[in-house]
Amino acid sequence: MDKQLKKGEFYRNLFLIAALYDFILGFCFFAFWPFIFDHILKIPYPNYPAFYQAAAAFIFNMGIGFYFVYLNMYRNIDIVKVGIFFKLFYTGLAFYYVVVENMPWIFSVFGFLDLIFIVFFIFFLRAVRREVQA
């Protein structure tokens, strides 16, 4: 199999995994936040659940974006750029609040996973740039 084709298939699968990850994470935190707060995180409810649900909806929405990238990586390349910033902001906030404000450690796990996505998304953008320049 052609090396270029294998690389394209790898990135295509990566965006499907990113889409599923954000779909599932966003949906679970949106729909089941009381259960997650009570039984998994064991933390008090936020003052206004709408703020938390809005964040979960944004995560779900980013999953929609990554699904569009999965469908057509080159047409939707700007979504990858937005996704990098989205994940950078989340990662920075998560690490800060876990370390400084003692937020539950599970949020740093999500941040670490997002860092992995960020690295691969940057690799994808660099590969596309090399293809265009060739």
For K6, give me every one of the aspartates and glutamates with a C-alpha distance below 17 angstrom, ignoring sequence neighbours fewer than eight places off in its own chain.
E131
Let me have the 222 nm mean residue ellipticity of the chain computed from DSSP H runs of 4+ only, each contributing -39500 (n - 2.57), with the sum over all residues rounded to the nearest 500.
-27500 deg cm²/dmol
If I build a Gaussian network model for the chain, linking alpha-carbon pairs within less than 10 angstrom, which residue out of F58, F35, F121 has the largest mean-square fluctuation?
F35
Cα-based Rg (one decimal) and Dmax (whole number) for the chain, in Å?
16.6, 55
For a footprinting-style exposure proxy, rank D114, D38 by other Cβ within 10 Å, fewest first.
D38, D114
With charges set only on the Cβ (+1 for Lys and Arg, -1 for Asp and Glu), what does the dipole of the chain come to about its Cα centre, in debye to the nearest 20?
520 debye
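Read-outs throughout are calculated quantities, based only on the coordinates presented, and are distinct from any laboratory measurement. Keep in mind it's a predicted model, so treat the numbers as computed, not measured. FYI the Cβ positions are ideal-geometry reconstructions off the backbone, even for glycines, and counts take in every protein chain you see.
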